[in-house]
Amino acid sequence: MVIAIDGPSGVGKSTVARGVAKALGIGYLDTGATYRAATLAVLEAGVDPSDDAAVVPAVARAAIAYEDGEVRLDGRPVGTEARSAEVTAAVSPVSAIPEVRRIVVAIQRAWVAERGGSAVVEGRDIGTVVFPLAPVKVFLSARPEVRAARRAGDAEAADADVAAVEADLRRRDEFDSTRETSPLQPAADAVIVDTSRMTADQVIEVVLALVAQAERSHPAERG
C-alpha cells in the first residue's frame, strides 16, 4: 500500500511520514530530497538552473538514490549538501522543468516498486501525479505563521528571522502552485489535515486511522 502525504514546507510532512512508516514497518521516501539531489547535480555540473536545455542532461547523467533514510548522488550521501542555501534557492526552478520531473518521478516509482509497492511517500505531487491511485492520500496544511515558525527552527534555516522565512515560504508556494507541470495542490480525493494546532503524534494517528480504514475497504492492498 502506498500512503501519499503531500503539502508545502513547514506542515510536518517529514516527521509525520517517518512516524507512519515506523508504525507500519514499511519504507519511507522523501521525494523532495530526490529533487534536491537533482538540483545539487546541476549546480556541481556548473549548469545555470534556469537553462532548461542544459539542466535536463545534467540530471539524466546523475545517479540519484535514496537509502537508509538519506539521499545519495552518484553513490555518496548528500543529505547535508542537498539542504544548503544554494540548493534551496535553485530547487524550485529545476524541479519545475517537465523532463526533470519525468526523470525523478521514474526514480521514485522504481524505489517503491523495489519495496513491493508498499511505502509512505511524501512530497508535493504524490497523490496527484506520482501515485494517483494510492488508497491513502493526505494533504497537510498549516497557517503561514505556524509554518514559518517551524521552518525557522530547522537546522537548514539556521535560526533565520521568522518574517524572512515566511516571505520565502510564500515565494516558494507561489512558484510551486502555479507551475504548469505537477503544481502543488491537493488531490481531489485527498484528506486535508490542518496541523496548525496538532502535535506530530496526533497527525500520525489520523493517518494511521485512514490506513486502517483503507485496509478494511481494500484488503488486497495490505503488505
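The values are calculated or read from the model by the stated rules, or taken from the named source; none is laboratory data. Please read these numbers as outputs of a predicted model, since none were measured by experiment. Reconstructed Cβ throughout: ideal geometry from the backbone, glycine too, with neighbour counts over all protein chains shown.
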Selection from the stretch 1-60 of residues that are under 21 Å from ALA106 (Cα atoms) and charged (D, E, K, R): ASP6, ASP30, ARG36, ASP52
Would you call GLU205 out of contact with any Gly (no Cβ under 8 Å at 6 or more places or on another chain), in a helix (DSSP H, G or I) and not assigned by TED's automatic domain parsing to the domain that holds VAL100? yes
Look at GLU67 and say whether it is farther than 17 Å from ARG179 by Cβ and without any contact (Cβ under 8 Å) to a residue 12 or more places away in the chain. yes
Can you tell me which of (1) modelled with pLDDT under 95; (2) in contact with a Lys or Arg (Cβ under 7 Å, 6 or more places away or on another chain); (3) not basic (Lys, Arg) is the one GLU145 doesn't meet? (2)
When every residue in the stretch 58-73 that is of a type outside the set (Phe, Trp, Tyr) and part of a strand (DSSP E or B) is compared, the one surrounded by the most Cβ atoms within 10 Å (Cβ to Cβ) is VAL71
PRO49 - would you say it is surrounded by 15 or more Cβ atoms within 10 Å (Cβ to Cβ), over 19 Å from the mean Cα position of the chain (by Cα) and free of Cβ contacts under 8 Å to residues at least 60 places away in the same chain? yes
